[in-house]
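Contents: one structure, followed by commentary.
The values are calculated or read from the model by the stated rules, or taken from the named source; none is laboratory data. Model, not experiment: these values are computed from the prediction. Cβ sites come from the backbone with ideal geometry, for glycine too, and all protein chains shown count toward neighbours. Accessible surface areas use protein heavy atoms only, side chains included; no ligands, DNA or RNA. Shrake-Rupley method; radii C 1.70, N 1.55, O 1.52, S 1.80 Å.
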Amino acid sequence: MVTVVRDDLPGLLATRASLRAQTVAAYDWFVADGASTDGTAAWLARQGDEAAWWRSSPDRGLYDAMNVALDAVAERSFSCGPPCSHVLFLNAGDRLADDRVLERLLPILAARPDAGLFYGDALEELPGGRLILKPARSHRRALLGMFTHHQAMVYRLAVLSNVRFDLRHALAADYAFTLTVLKQGDPAHRLPLAVCIFAPGGRSQQDPARGRREQAIIRRELLGLGRTANATLWGLQWLALTLRQTIPWLYAKYRFSANERSFLS
């Protein structure tokens, strides 16, 4: 489990509470803090061995911190048990969907040792704590963009030996990372469960135009997509965003499951 944080101790505590609530504690927690000034580093230092690894130092942003933590996972993997065979990125403020996620997930990982990527549904939290299910699309539609939230994806560590987040992309590096894994040809497996509760207000939601530009570059570089096809996809993404902002109920009818859950973790 990899968590990156900067000046968000409440979010880190929420993520930690979600992990501690799991019915099985078969995970190692790696925390990369970007030199927070809100007491995060002091809190981490007080926790002793709760995190298998942590560091607090300046970095070049979210994806650089993920790379640093991923390097730490790789370095320690030789001495870890089965949980270190796979990596889930759960940022500060994100939570696992419920307390049985790992209990249900681990047997699936063990049964599919050939799969390089596992992905499931995500829950999005609305104001007031109401959660709505956002089903994952098929990974075969990765051309359209991320087919589920990054926090709902589990990567087999062995396929990441030469894969890291491209720091040219401030918002869409997770998309490039995932496409690179898929291009390696290892099977991807759709999980029959919701994996995460996605914390709202992420940077990609704050600057969607930049995210679309970065995705266009990634599709051109990794998929060889031409200008016309990229422009068409840009238009579809813009339309979906406009629909979400102007007619949210119609967007929700298309994108979210009719099954809603209302609870606070």
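Structure notes:
- Label positions at D114 and D186, each projected 7 Å from the Cα along the C-beta direction, are separated by 1.4 nm.
- Centre separation in Å (Cα based) which lies between the stretch 10-76 and the stretch 147-169: 17
- Nonlocal amide H pairs with A199, under 5 Å, H built at 1.01 Å: D94, R95
- Estimated FRET transfer efficiency (R140, L13; beta-carbon r; R0 35 Å; 0.05): 0.40
- Pairwise label distance in nanometres, E103 with A42, each label 7 Å out on the Cα-Cβ vector: 3.7
- Note on the stretch 1-138: Kirkwood hydrodynamic radius from all Cα pairs is 15.9 Å, rounded to one decimal.
- Dipole magnitude of the stretch 103-149 about its Cα centre (Cβ charges: Lys, Arg +1; Asp, Glu -1), debye to nearest 20: 200
- Most to least packed among 121-131, 26-36 [average Cβ atoms within 10 Å]: 26-36, 121-131
- Rounded percent of accessible protein surface that carbon and sulfur make up, the stretch 3-75, 1.4 Å probe: 51
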